[in-house]
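Comments concern the structure below.
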């Protein structure tokens, strides 16, 4: 049996709202966004900084529902600053036969991190 790693979901164009250098790692994301994108707390995510083109991986902490929070915690607070636009991508390891038919979830957000479109 062969497996492939494909992207499961993406939050497109989110804006960093906070940076907390003193917290021990991770990214805090509004729970409404997590639910819409099918991302769960502690899930590994890749984050792409649209302002500087760099990528980083960390795990997710659920933030307050409806808050629009995207908070870079710990070392990630040095990687992105408040106002940076980012992509958040989660992946899944799936059977190769199922991979071709798999449909990822894509959530588009505005400058206040409110959902404006889903795919």
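The values are calculated or read from the model by the stated rules, or taken from the named source; none is laboratory data. Quick caveat, the model's predicted, so the values are computed rather than measured. So basically every Cβ, Gly included, is an ideal-geometry build from the backbone, and we count neighbours across all protein chains shown.
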What do you reckon, is residue 49 within 12 Å of residue 11 (Cβ to Cβ), touching a strand residue (DSSP E or B) at 6+ places or on another chain (Cβ under 7 Å) and touching a residue at least 24 places away in the same chain (Cβ under 8 Å)? no
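To keep it simple, each residue is scored yes or no on (1) touching a helix residue (DSSP H, G or I) at 6+ places or on another chain (Cβ under 6 Å); (2) crowded, with 17+ Cβ neighbours inside 10 Å.
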position	(1), (2)
26	no, yes
35	no, no
54	no, no
61	no, yes
65	yes, no
Residue 19 fails exactly one of (1) closer than 22 Å to residue 105 by Cβ; (2) in contact with a helix residue (DSSP H, G or I) (Cβ under 8 Å, 6 or more places away or on another chain); (3) in contact (Cβ under 8 Å) with a residue 40 or more places away in the chain, namely (1)
Go through (1) part of a loop (DSSP other than H, G, I, E, B); (2) touching a residue at least 60 places away in the same chain (Cβ under 8 Å); (3) on the phi < 0 side of the Ramachandran plot; (4) surrounded by 20 or more Cβ atoms within 10 Å (Cβ to Cβ) one by one and return the number of the condition residue 112 breaks. (4)
Can you tell me which of 13, 83, 68 is part of a strand (DSSP E or B), at pLDDT 95 or above, closer than 26 Å to residue 117 by Cβ and in contact with a strand residue (DSSP E or B) (Cβ under 7 Å, 6 or more places away or on another chain)? 13
Looking at this structure, is residue 40 part of a loop (DSSP other than H, G, I, E, B), under 11 Å from the mean Cα position of the chain (by Cα) and modelled with pLDDT of 95 or more? yes
Checked the stretch 16-37 for anything over 15 Å from the mean Cα position of the chain (by Cα) and assigned to a loop (DSSP other than H, G, I, E, B); matches are 21, 22, 23, 24
